[in-house]
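K.L.:
Starting off with a structure, shown below.
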Amino acid sequence: RRFAGSIAKRVRVDGGVAIRKSLDLLVDRSGYDLRPHVDAPGKLVTLILYLDDEPDGISLGTSIYMPKDREQMRRLELESQREGRAPHRQRVDFIRVATVPHRANTALCFAPGLNSYHGVEPVPGTDAARYLLQYHVLIADHAELVHEGYGPATISAPAMEASVVPALYPPPALP
């Protein structure tokens, strides 16, 4: 429900919309680097659940970014969207506004849009690893997308509407 408004701006909901779901177990190792990007337009909700704690002194969390030139980046994203692409951008064009700590049982959840820039700073060290589950709710038929309505027209800090919540992992024991 928290992201219903954001999703409604992007999807035609005449009588409902077909969705599909995706769940991936990921391990990102030393040297991993995910530059700032927005998710593809077909992703309605992204949830990242961290399964372990980051080692002392090494930040492995997901960073949230704001473009230095918001209008130029918006034009680039609209063009990319029309071409069906979601390219990763150069870090020099962004300000990192926050990094969600990679802590076991913590989740980052957001409704992707034109302003939902996120990524992972280069993973340092020789044996660092981050373990996570990534869950997506996706639109099944891209014809249902309202392309020009993808995200709000302005960007404010933080760069996206998101929730960081403790997760129930492992789930509580049943009586």
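K.L.:
What net charge do the residues around SER22 carry, taking every other residue with its C-beta under 12 Å from that of SER22, with Lys and Arg at +1 and Asp and Glu at -1?
P.N.:
Counting the neighbours of SER22, the net charge comes to +1.
K.L.:
Shifting gears a bit: Scan around ALA98 for amide H atoms under 5 Å from its own, H built in the peptide plane at 1.01 Å from N, and keep only partners 5 or more places away or cross-chain.
P.N.:
Residues meeting the amide H criterion: ILE64.
K.L.:
Grab the other residues whose beta carbon is less than 15 angstrom from that of GLY61, score K and R as +1, D and E as -1, and report the net.
P.N.:
-4
K.L.:
Continuing with this model, one more query. Classify the stretch 1-138: rounded, prolate or oblate, from the alpha-carbon gyration tensor (a ≥ b ≥ c, eigenvalue square roots; a/c under 1.5 rounded; otherwise prolate if a/b is larger than b/c)?
P.N.:
Oblate shape, in that a/c is at least 1.5 and b/c is the bigger or equal ratio.
K.L.:
Report the net charge of residues surrounding ALA129, where surrounding means a beta-carbon distance below 11 angstrom and charges are Lys +1, Arg +1, Asp -1, Glu -1.
P.N.:
-2
Values in this text are rule-based calculations from the coordinates and carry no lab data. Everything quoted here is computed from the prediction, not taken from an experiment. Reconstructed Cβ throughout: ideal geometry from the backbone, glycine too, with neighbour counts over all protein chains shown.
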